[in-house]
Amino acid sequence: MRKIYLLLLISVVTSCVKNPVTGQNELRFVSENQERQIGNGAYKTAQQAQGGQFLLDEKLTAYVSAVGNKIAKESARPTLSFEFVILNDSTPNAWALPGGKIAINRGLLVELQSEAELAAVLGHEIVHAAARHGAKGIERGMLLQGGIIALGIASQNTQYNDVLIDSASIAASLVMSKYSRHQELESDRYGMIYMAKAGYNPEAAIRLQELFLRLSESRNDWIGGLFASHPPSQERIDANKLTAAEVKIETALFEGRDEYKDAISWLVEKKEAYSFYDEGKKALKEKHYDKADQLADKAIHTFGGEALFYSLKGQAQRKPQEAIAYYTKAIELNPDYYEFYLKRAECKKALGDVAGARADAKKSVELLPTGEGHELLGRVALAYGDKRRAIYHFQVASHAHSAAGARARAYLKKEERT
């Protein structure tokens, strides 16, 4: 009966319409307005969960946006609220949310060789948004599990997966959802058509897929990024060759190698500093704190303007009073990233600064709701004697599959016994 009821409900709210990209008939029960609302609601949260915005090179950000908007104008849905950001993450990746919200990681930009290759990446993501691939995933989730909130358990292949809760978990699931083989081929094809209309050589998409296929066989650091949701294959390369022969026109030959080289010159110049940082993060994960500390120093010495480097330095410290100064410096350089506040809040709590810990933890969960942040707020509430508020935060934190979530569940279980 439940299945029958669901089907009846869907029959009321759906309509058979043509897909704006392919022209094929499809059932739709996520409207364009809802697509926009979903994308807008998840965009900021998804950025926080993927390293935060890259803010240090405004010229590069403007360049990526200009290329993206140039292609978006040639898409089947140019009136979508397209937006393009760079994320401060070394993992090579790019993603699209419903409604045209698109991100590309710093780590992918340094691997590309031309503006045309950037156009191929962005064109592919534009099709995911224009062809409603993300919206279709939501619709499938609603059909299979009875509601959009079910997406919250589907997030995979993100370093934050275990700590994200509530809206953050849903945003991560939208970003990391794997597309079908058909959708990937569809996005390749129409992305090449759009980039050719915008004047770019569509053969750049072939070279890009050939590069990705080679890297997929040799670069483990790509597995958790682009290749997790956009797996390369010889099939895609062969299909792209056919599409390039079909759409290539004399006016669509722009490569933009010099233009791209100039646009990413700042990133290339700072590549060594970010390499030290990436090595330091790996050392930290392996609990080699002295090595992580030394690598953080090297990164800061090479370039002292990146907040992430100071956060790494703080995490490598053994004493909270020593770490606080580095988190404070990170916040001064970038006051809009959740992790800096969360780390400083833990230090303040350890030093007995309960008020300071509460302020930082609240700011952290405002930027990104995590089990760690809410569990800390629960402990802070207990320090103030506010058991009711503590239970609320522990209940929220209990949904996280992390050490903080386990602590929250243990507290709640103890409360049940008493």
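The values are calculated or read from the model by the stated rules, or taken from the named source; none is laboratory data. The structure presented is a predicted model; accordingly, all values stated were derived computationally and were not measured. Using ideal geometry, Cβ is built from the backbone for each residue, glycine included, and neighbour counts are taken over all protein chains shown.
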Filter result (more than 15 Å from A345 (Cα to Cα) and part of a loop (DSSP other than H, G, I, E, B)) within the stretch 362-396: Y384, G385, D386
Residue identified as modelled with pLDDT under 65 and farther than 17 Å from A239 by Cα among A116, A96, A103, A172: A172
Cβ pairs under 6 Å, 6+ apart, first in the stretch 200-215 and more than 17 Å from V110 (Cβ to Cβ), second of a type in the set (D, E, K, R): N201/E255; P202/K248; I206/K241; Q209/R236
Options G100, G52; residue that is buried (at least 18 other Cβ atoms within 10 Å of the Cβ), outside the structural domain of P335 (by TED's automatic domain parsing), more than 12 Å from the chain's Cα centre (by Cα) and not basic (K, R): G100
Sole exception among (1) surrounded by fewer than 17 Cβ atoms within 10 Å (Cβ to Cβ); (2) modelled with pLDDT of 95 or more for A245, by number: (2)
Pairs with Cβ under 6 Å, 6+ apart, first in the stretch 17-46 and assigned by TED's automatic domain parsing to the domain that holds K101, second surrounded by 21 or more Cβ atoms within 10 Å (Cβ to Cβ) and among the charged types (D, E, K, R): G39/K101; Y43/K101
Failed condition for H399, given (1) over 23 Å from the mean Cα position of the chain (by Cα); (2) in a loop (DSSP other than H, G, I, E, B); (3) not hydrophobic (A, V, I, L, M, F, W, C): (1)
Residue within the stretch 364-371 that is farther than 23 Å from E332 by Cα, surrounded by 15 or more Cβ atoms within 10 Å (Cβ to Cβ) and among the hydroxyl-bearing types (S, T, Y) present: no
Which listed residue is touching a strand residue (DSSP E or B) at 6+ places or on another chain (Cβ under 9 Å) and in contact (Cβ under 8 Å) with a residue 12 or more places away in the chain, from L351, L368, L377: L368
The one condition in (1) over 17 Å from L226 (Cα atoms); (2) hydrophobic (A, V, I, L, M, F, W, C); (3) out of contact with any strand residue (DSSP E or B) (no Cβ under 9 Å at 6 or more places or on another chain) that L112 fails to fulfil: (1)
Pick from the stretch 306-318, criterion over 23 Å from the mean Cα position of the chain (by Cα) and of a type outside the set (A, V, I, L, M), ranking: surrounded by the fewest Cβ atoms within 10 Å (Cβ to Cβ): R318
Some residue of the stretch 290-300 being touching a helix residue (DSSP H, G or I) at 6+ places or on another chain (Cβ under 8 Å), more than 26 Å from T61 (Cβ to Cβ) and of a type in the set (D, E): yes
From R417, R358, R379, residue being of a type in the set (K, R) and at pLDDT below 95: R417
Test: residue in the stretch 59-74 that is in a helix (DSSP H, G or I), in contact (Cβ under 8 Å) with a residue 24 or more places away in the chain and acidic (D, E): no
